[in-house]
Amino acid sequence: MKNSVLLILAVASVIVAAVAITILPDQIPTHFGPDGAADRIGSKYEVLIYSGIVIACAVMGILLRRKYERAQETNAGEKAGAHSAGNAKVAVIVCTITGVVMIGLEIVFICIGYNGLTQITGTEAELYCSITVILLGLLFAVLGNIMPKMKKNMLMGLRTTWSMKNDEVWARSQRMGGTVTFFGGAATILSGIILRGYPSLVAMMIIFLVIFAIMIKGSHQIYTDWEKENKNG
């Protein structure tokens, strides 16, 4: 039962792709340039890329859950075992929400191809842009909410040279990164609602770059502050 949601998402993405292949024209727009015009036309079978990503998320979620649950069983300490159990839940949640968002993007991709849109202009195209931005903003907002719950590990979270130094720096970095990511995701959602069409995509990319820059700088500052505190102590 623990893997059922991930498996359902994987199967659903394949069904959506299979149906899409039967209704899409052979050639569809697959990429749009800075001017909002389609600059690449590709095969309708490229919709399978989204299914592949969802399946990869499902497999990753299952494998990570098993990895952390095995670690929980082998860890002698109660604290270490609890950390592994927490990371197992986080891994499943992250992979699940990523799968949901990717299916949403898959459907947007199919709609664009089905309607033969070659410009990110007009009410319909602007709606697809807004949905894409809102979905990705939702993903970041959820990830931001989850990050503070991640215990130190080698796979998930804000992993920098500084955040991996010790558990205290890790915890502070995840709280900072989670806050930045959550509000960045919220800002992205707002940009998808307020801005229309291509401008919302540009705003989203700028927000994401700012998020990453703040997190890296913030992680370094947290470690610097921790060093000062311990030297003084």
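The values are calculated or read from the model by the stated rules, or taken from the named source; none is laboratory data. The structure displayed is predicted, hence computed values, not measured ones. Backbone-built Cβ (ideal geometry, glycine too); neighbour counts: all protein chains shown.
For the reader, a short list of remarks on this structure follows.
- Qualifying positions in region 9-31 - under 21 Å from the mean Cα position of the chain (by Cα) and in a strand (DSSP E or B): THR30, HIS31
- Test for ASN145: is it more than 18 Å from the chain's Cα centre (by Cα) and free of Cβ contacts under 8 Å to residues at least 40 places away in the same chain: no
- Filter result (among the β-branched types (Val, Ile, Thr) and either modelled with pLDDT of 95 or more or under 28 Å from LYS149 (Cβ atoms) (or both)) within region 194-233: ILE206, ILE207, VAL210, ILE211, ILE214, ILE216, ILE222, THR224
- Failed criterion for PHE182 (all others in (1) touching a residue at least 60 places away in the same chain (Cβ under 8 Å); (2) under 14 Å from the mean Cα position of the chain (by Cα) hold): (1)
- Residues located in region 148-179, provided they are within 17 Å of VAL210 (Cα to Cα), modelled with pLDDT under 95 and over 17 Å from the mean Cα position of the chain (by Cα): THR160
- Out of GLY178, GLY144, GLY184, GLY218, one residue alone is touching a Pro at 6+ places or on another chain (Cβ under 6 Å), under 27 Å from ALA88 (Cα atoms) and either in a helix (DSSP H, G or I) or not assigned by TED's automatic domain parsing to the domain that holds PRO34 (or both). It is GLY178.
- Region 151-175, residues that are among the charged types (D, E, K, R) and either in a loop (DSSP other than H, G, I, E, B) or under 20 Å from LEU139 (Cα atoms) (or both): LYS151, LYS152, ARG159, LYS165, ARG175
- SER4 loosely packed, with under 12 Cβ neighbours inside 10 Å and more than 19 Å from GLY116 (Cβ to Cβ): yes
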